[in-house]
Amino acid sequence: MKHKYYYLLLKYLSLFSSPVWLKLIKKAGSIEELFNKNKRFFSNIRGLKKNKIDEFINKRTKIKIDKILEQLKKKKINFVSINCDNYPSLLKNIYDPPLVLFFKGNKINNNKINLGVVGTRKISSYGKKVTKKIVSNLDKDIYSVVSGMALGIDKEAHKNALENNIYTVAVLGCGVDYIYPRSNHKIYKRIIEKGTVISEFLPGSSPKPYRFPLRNRIISGMSRGVLVIEGTKKSGSLITARSALDQNRDVFAVPGNIFFRNCRGTNYLLKQGAFPVVKAKDIDRYWKVKSKIKSKEKKLNLNFNKEEKEVIKVMNPIKALTIDDIYLKLSGEIELTKIMAVLFKLKLKEVVEELPGKKFVLYDEIF
C-alpha cells in the first residue's frame, strides 16, 4: 500500500494530533511500521493515553482504505499527504503541519511565491479598493494568492486574483465539499476551475468556531508572508498575523485611517513592526523580486473638463458621498442632473466607483 494511504488512514482515525503522529512515525522507523507495532511499543512512549492506544490497535486493521478512496472519488475530492512532493513545501516546516490536505480543483502549485491576503469580513469601500489595487498588480508568473474564502477581504482577494489570472488557493475552515458561507457558491466554483480549494478537515465537516484559527495557521504556514489589508484589533486576520510571526513568516499591513475601527488592527501591526504596503511593488522590493510586468495601477493623467474637475475636488477615496452631498458641497453651482451625467462619465473613466445606496467615492486622490 502506498505510504500516502497510511497517512490518510491516520487522518480518518482522528486519534492524535499531527505532532504526536509524526513523533510516533519517527520512533517506529516508518509509517508502514507504525501500523505493525504492538501494544508494548506504544506503552513505552510517555504521554499516550491507554484508551487511545487500544483504539488505534483495534481500528487499524478494520479501517478500509478502498472504501475511503471510493468515497473521495464520488465527491471528486483529491488529497495530498505530508510525504508527497506537491504538499505545500513551507507548510511542512511549521510545528503542527496537517498530515493530509484534501483539495478540489487543480493540483497545489508549489512553483510560485505564496502571499497570504487576509482581512475583515466587514469590508469597507477603502478595503475593497486596496485589495484590488494590490492583488491585481501582482505578477501572475511569480505570485499566488492564499486566503480563507470568507466574506470581505478574503473574497475580494480571490476575486481579483482570478480576474488577473493569478493562481489562488482557498483554505477552508470546513470540509472542501462544504461551501461556507453559502453566498460564496460562485467564487467557490471559480476557484475550483482555476485554482485550488483545500482543507485539513474531513469531507463533510461543517464550519465550527475552533476550526478557523486552525485554518488560519495553514494560510500563514503555506505562505512566505501574510498581508493584512483591513481589520479590527480583535479580528481573525490578526490571529493569522500572529500565526505568521510564530512560523517566522513576514507580516505586511496596509495603513489606514486612524479613526476607522477597521483600520485599528492594521495600524497596530504597523506599530509592532509589520512592513507597510500601499502597492504591489512594495512587496516586490521587500522580497527583492523582479516583477516582469509593469504596474497596471490606474494612470490618473486623464483630461477632465471643468465640471468634472469641480466634482472631483469635493470627493475623496475614503468618505462616500451621495449626489445630494456633492450638490451641497458645490453650493448648487452645478445642477443635480448635470452632476449625475458627470458621475456617469467619471465611472466610465474608472475614476469614480459607485457603492450601494447611490453613493460615490474616488478610486484614488487625483489632484
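Mind checking which pairs have a first residue in the stretch 330-355 that is assigned by TED's automatic domain parsing to the domain that holds S125 and of a type in the set (A, V, I, L, M) and a second that is exposed (fewer than 13 other Cβ atoms within 10 Å of the Cβ) and in a strand (DSSP E or B), Cβ under 9 Å, 6 or more apart or different chains?
none
Does S147 qualify as being in contact with an Asp or Glu (Cβ under 9 Å, 6 or more places away or on another chain) and either outside the structural domain of V254 (by TED's automatic domain parsing) or in contact (Cβ under 8 Å) with a residue 24 or more places away in the chain (or both)?
So S147 passes the test.
Give, as residue ranges, the helices (runs of 4 or more DSSP H) completely inside the stretch 1-74 that count at least 2 residues that are out of contact with any Gly (no Cβ under 8 Å at 6 or more places or on another chain) and closer than 15 Å to L202 by Cα.
Hits in the stretch 1-74: 3-13, 65-74.
Among the candidates D96, D85, single out the residue that is outside any strand (DSSP E or B), modelled with pLDDT of 95 or more, under 30 Å from V135 (Cα atoms) and charged (D, E, K, R).
Result: D96 is the single residue among D96, D85 that is outside any strand (DSSP E or B), modelled with pLDDT of 95 or more, under 30 Å from V135 (Cα atoms) and charged (D, E, K, R).
G116 passes all but one of (1) on the phi < 0 side of the Ramachandran plot; (2) more than 15 Å from the chain's Cα centre (by Cα); (3) at pLDDT 95 or above; which number fails?
The single condition G116 does not satisfy is (2).
Considering only the stretch 333-352, state which residues are at pLDDT below 85 and either closer than 11 Å to I312 by Cα or surrounded by 13 or more Cβ atoms within 10 Å (Cβ to Cβ) (or both).
The one that is at pLDDT below 85 and either closer than 11 Å to I312 by Cα or surrounded by 13 or more Cβ atoms within 10 Å (Cβ to Cβ) (or both): K349.
Return the total of residues in the stretch 25-47 being buried (at least 16 other Cβ atoms within 10 Å of the Cβ) and under 15 Å from K59 (Cβ atoms).
4
Just to check your reading of the model, which residue among V80, V118 is of a type in the set (A, V, I, L, M), in the same structural domain as G265 (by TED's automatic domain parsing), farther than 13 Å from Y12 by Cβ and surrounded by 13 or more Cβ atoms within 10 Å (Cβ to Cβ)?
Being of a type in the set (A, V, I, L, M), in the same structural domain as G265 (by TED's automatic domain parsing), farther than 13 Å from Y12 by Cβ and surrounded by 13 or more Cβ atoms within 10 Å (Cβ to Cβ) holds for just one of V80, V118, which is V118.
Go through the stretch 53-87 and report how many residues are touching a Phe, Trp or Tyr at 6+ places or on another chain (Cβ under 7 Å) and farther than 16 Å from Y6 by Cα.
2
Table: residues versus (1) over 19 Å from R211 (Cα atoms); (2) assigned to a loop (DSSP other than H, G, I, E, B); (3) in contact with a helix residue (DSSP H, G or I) (Cβ under 8 Å, 6 or more places away or on another chain).
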{"position": "V117", "(1), (2), (3)": "no, no, yes"}
{"position": "K122", "(1), (2), (3)": "yes, yes, yes"}
{"position": "L138", "(1), (2), (3)": "yes, yes, yes"}
{"position": "D141", "(1), (2), (3)": "yes, yes, no"}
{"position": "L151", "(1), (2), (3)": "no, yes, yes"}
{"position": "K159", "(1), (2), (3)": "yes, no, yes"}
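So that you can scan it fast, the table gives a plain yes or no per residue for (1) within 25 Å of P88 (Cβ to Cβ); (2) in contact (Cβ under 8 Å) with a residue 60 or more places away in the chain; (3) of a type in the set (D, E, K, R):
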residue	(1), (2), (3)
I179	yes, no, no
P207	yes, no, no
Y210	yes, no, no
N216	yes, yes, no
L227	yes, yes, no
L238	yes, no, no
Q272	no, no, no
V277	yes, yes, no
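Suppose we filter R242, R215, R211 for residues that are of a type outside the set (S, T, Y) and in contact with a strand residue (DSSP E or B) (Cβ under 6 Å, 6 or more places away or on another chain); which single one remains?
R215
Tally the residues that are of a type in the set (G, A, S) and either surrounded by fewer than 24 Cβ atoms within 10 Å (Cβ to Cβ) or modelled with pLDDT under 95 (or both), restricting the search to the stretch 153-178.
Matching residues across the stretch 153-178 total 1.
Just the residues that are farther than 24 Å from K128 by Cβ and modelled with pLDDT of 95 or more, please, taken from the stretch 276-290.
Selection gives W287 alone.
The values are calculated or read from the model by the stated rules, or taken from the named source; none is laboratory data. Note that this is a predicted model, so its numbers are computed, not measured. Counting neighbours? That spans all protein chains shown, and the Cβs are built from the backbone with ideal geometry, glycine included.
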